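Everything below concerns the one structure shown next.
The values are calculated or read from the model by the stated rules, or taken from the named source; none is laboratory data. In this text, all values refer to a predicted model and were calculated from it rather than measured experimentally. Glycine gets a Cβ as well: all are built from the backbone with ideal geometry, and neighbour counts include every protein chain shown.
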């Protein structure tokens, strides 16, 4: 059985004057920074789902070992890019878990992802979510049973709400640190913590 990472990069964010995922993070486009982080994770494959500015974003990671999926319906909301990725990875019957990560959260370490994946393998939970001090965060690991349910969702939603509603077994993995900041707006990029 295998684990695949899905990196979601299919939204515009707030206040970006140029493509969000090409915004420089320490001199590297944001999407590339996250994909480079993911190359250290203990997963068997990586899928990046892109939406707006697809050709430019794809070009920023074209030399890296990832599968790029363009979601033409990205404007529908959070469900569409996730469905596009899941439709692709669920064709491989060996996939048992999926790490859902955000391309606007650079710096997620292999230590964090590997701990979540290991807990998923140990418990066979529908979902394993990190809890950084007092709050749930990203990335999350989704088990095969919940992946099938996510394929049927439509519209815009918060994945943590869906997990709470649809997962029969949720594991929280506690970290005694703050999670890496999500850079969803240009203002957050400008004032990001390291």
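The table for this structure:
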| quantity | calculated |
| --- | --- |
| Residues of the range 2-15 satisfying the condition of being assigned to a loop (DSSP other than H, G, I, E, B) and at pLDDT below 90 | 11, 12, 13, 15 |
| Any chance residue 155 is at pLDDT 95 or above, on the phi > 0 side of the Ramachandran plot and in contact with a helix residue (DSSP H, G or I) (Cβ under 7 Å, 6 or more places away or on another chain) | no |
| Residue match in the range 59-72 (condition: under 12 Å from the mean Cα position of the chain (by Cα) and over 21 Å from residue 181 (Cα atoms)) | no |
| Qualifying residue in the range 87-95 (condition: modelled with pLDDT of 90 or more, surrounded by fewer than 16 Cβ atoms within 10 Å (Cβ to Cβ) and not in a loop (DSSP other than H, G, I, E, B)) | no |
| Strands (runs of 3 or more DSSP E) contained entirely in the range 115-194, each with at least 3 residues that are in contact with a strand residue (DSSP E or B) (Cβ under 6 Å, 6 or more places away or on another chain) and within 21 Å of residue 82 (Cα to Cα) | 127-132, 140-143 |
| In the range 48-68, the residues that are at pLDDT 95 or above and surrounded by 21 or more Cβ atoms within 10 Å (Cβ to Cβ) | 48, 49, 50, 57, 60, 61 |
| Scan of the range 49-80 for residues that are under 18 Å from residue 30 (Cβ atoms) and assigned to a helix (DSSP H, G or I), ordered by number | 54, 55, 56, 57, 58, 59, 60, 74 |
| Residues being assigned to a helix (DSSP H, G or I) and buried (at least 20 other Cβ atoms within 10 Å of the Cβ) - total across the range 16-31 | 4 |
| Residue that is nearest to the chain's Cα centre (by Cα), among those in the range 119-154 that are without any contact (Cβ under 8 Å) to a residue 24 or more places away in the chain and either more than 12 Å from residue 96 (Cβ to Cβ) or crowded, with 18+ Cβ neighbours inside 10 Å (or both) | 146 |
